[in-house]
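One structure is given here, and the rest of the page talks about it.
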Amino acid sequence: DIEFNVPLPKEFSIPHFTQLNTSQSHAVESVLQRPLSLIQGPPGTGKTVTSATIIYHLSKLHKDRILVCAPSNVAVDHLASKLRDLGLKVVRVTAKSREDVESSVSDLALHKLVRRSSTGQLRKLLKLKEDVGELSAKDTKTFVKLVKKAESEILKKADVVCCTCVGAGDKRLDTKFRTVLIDESTQASEPECLIPIVKGAKQIILVGDHQQLGPVILERKAGDAGLKQSLFERLISLGHIPIRLEVQYRMNPHLSELPSNMFYEGSLQNGVTIEQ
């Protein structure tokens, strides 16, 4: 039970952003002080809001870049847009093969930021590449060098870098990240979760819910051999107790009664009434 000695904010809710309930505030407070935290969020309990609040406070506390991952692109984009709303400098690193795919946070994508901030020779080469289609061998060499330099400058200035768990292995992210948060971590296989963690993490936050959908492993032998178990579940089996978010805002209280009793020892409370 290691605890960091950090100055805690007086108020965990962020002004002009969703106000936290008691269990969310408790989760944020606990996470800021520990090297390893598991947050279990049953459906509709505000996992994303809690994660965004934690990242905001960590960013202000340590003035250090934070690596934020999730197994799927959709989940990463969702969290990235919340963080942008909080006024943090977010850079979204996408796979080269997905650079043309439009998303809700396209304007935060690293390749777009490089293009927007380009000046001088890099701008000329980008224009030439667009017009002609390809560059000469000599130009390509210069181009690659300049892009690399621009990328590393943009990444250095970011508060938060967002990518998928597998995307964290990207060559462009060859720096250390003190803090790593993995959202939907119960849907990622264990090796997938380890990719962002081995980037020098000193503080790890895993958010998910092992009572919901687990990792999708298509190869049955691999699943039976243990790949179906997420890192979140392994840590629980080793005796880590997850912090549970307990107030749900998504379903009619009549509906939430069943999952509450079946999966959460009856601890789910309702933040909405039947009329709402």
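The values are calculated or read from the model by the stated rules, or taken from the named source; none is laboratory data. The model shown is predicted, which means the values in this text are computed figures rather than measured ones. Positions of Cβ are backbone-derived with ideal geometry, glycine not excepted, and every protein chain shown enters the neighbour counts. Heads up: the accessible areas ignore ligands, DNA and RNA and are worked out on the full protein's heavy atoms, side chains in. Shrake-Rupley method; radii C 1.70, N 1.55, O 1.52, S 1.80 Å.
A few remarks follow.
- Within segment 212-235, tally of residues that are crowded, with 16+ Cβ neighbours inside 10 Å and either in contact (Cβ under 8 Å) with a residue 40 or more places away in the chain or not in a loop (DSSP other than H, G, I, E, B) (or both): 8
- Elements of type strands (runs of 3 or more DSSP E) contained in segment 34-137, each with 2 or more residues being at pLDDT 95 or above and among the charged types (D, E, K, R): none
- Among (1) crowded, with 18+ Cβ neighbours inside 10 Å; (2) touching a strand residue (DSSP E or B) at 6+ places or on another chain (Cβ under 6 Å); (3) under 17 Å from Phe232 (Cβ atoms); (4) of a type outside the set (A, V, I, L, M, F, W, C), the one test that Asn21 misses: (3)
For (1) touching a residue at least 60 places away in the same chain (Cβ under 8 Å); (2) in contact with a Leu (Cβ under 7 Å, 6 or more places away or on another chain); (3) closer than 22 Å to Lys148 by Cβ, each residue gets a yes or a no:
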| position | (1), (2), (3) |
| --- | --- |
| Leu20 | no, no, no |
| His26 | yes, no, no |
| Ser30 | yes, no, no |
| Thr48 | yes, yes, no |
| Ser106 | no, no, yes |
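- Only residues that are open to solvent by less than 70 Å² (accessible area, probe 1.4 Å) and closer than 13 Å to Arg65 by Cβ were counted across segment 125-167, and they come to 9.
- Considering segment 57-83, the residues that are among the hydroxyl-bearing types (Ser, Thr, Tyr) and under 21 Å from Ser106 (Cα atoms) include one that is least open to solvent (accessible area, probe 1.4 Å), namely Ser81.
- Of all residues in segment 1-33 being assigned to a helix (DSSP H, G or I) and out of contact with any helix residue (DSSP H, G or I) (no Cβ under 7 Å at 6 or more places or on another chain), the one that is farthest from Ser230 (Cα to Cα): Thr22
Here's the yes/no breakdown for (1) within 20 Å of Asp170 (Cα to Cα); (2) among the polar types (S, T, N, Q):
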site	(1), (2)
Leu108	yes, no
His111	yes, no
Arg116	no, no
Thr119	no, yes
Lys124	no, no
Lys129	no, no
Glu134	no, no
Lys138	no, no
Lys148	yes, no
